[in-house]
1. Under a crude label model (7 Å from the Cα following the beta-carbon direction), how far is Lys95 from His16 in nanometres?
2. Hey, what's the Kirkwood Rh for the chain if you take every pair of different alpha carbons, in angstrom?
3. Quick one: length gained pulling Ile59 to Met27 fully straight, 0.36 nm per residue minus the C-alpha distance?
4. Taking the chain, how many lysine pairs are there with alpha carbons less than 18 Å apart, if each pair must be eight or more places apart or span two chains?
5. How large is ³J(HN,Hα), in whole Hz, for each residue of the range 108-120 in order, when computed from phi with the Karplus curve 6.51 cos²θ - 1.76 cosθ + 1.60 and θ = phi - 60°, using x for Gly and Pro?
6. Using label points projected 7 Å from each Cα along Cα→Cβ, tell me how many nm separate Gln48 and Leu127, to one decimal.
Amino acid sequence: MCLDMIDKKTITNITHGHKVFRIIDGMILGEYYNPDGTYSHEIPVPYQTGKWYRAGDYIIDEDERDLAYPAGFHVFLYKEDAEAWRDVHTSTNFKVLRVQISEIVASGYQYFSGKMETIVVKNMRILEK
């Protein structure tokens, strides 16, 4: 998931959101990436409920769309948007979980069946399984 549009002024007053994870054999896995930023489909590393995770310090640069923003966990503001994003996957192994977040580094929109408000955060903690 990447931002399709970045806000001119980053939203900073959000403390919770919703994120899509893969659930396999009871393990919470990243939709695309492991907690350490590696690609999750090669060697999956499980997340733990209640543990804080911090994203790496580098820039995501979408050259073809002229978008650049700090790397971080992409979180939907609204559960309905996360559920719509989850529903595009053909597997039933995807679940929307509520997360606590801090240090928002970018905000904007993900366009998929509508305009979905999305934030990018440095720190994230899964609150439920």
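Taken together, the values in this text are just the output of simple stated rules run on the coordinates, not laboratory data. Fair warning: this is a prediction, and the values are worked out from it, not measured in the lab. Note that each Cβ is placed from the backbone with ideal geometry, even for glycine, and that neighbours are counted across all protein chains shown.
1. The answer from the label model is 1.8 nm.
2. The Cα-based Kirkwood calculation yields 14.7 Å.
3. Length gained between Ile59 and Met27: 8.7 nm.
4. Number of lysine pairs found: 15.
5. After applying 6.51 cos²θ - 1.76 cosθ + 1.60, I find x, 9, 10, 9, 7, 6, x, 9, 10, 5, 9, 10, 10 Hz.
6. Reported label-point gap for Gln48 and Leu127 is 2.1 nm.
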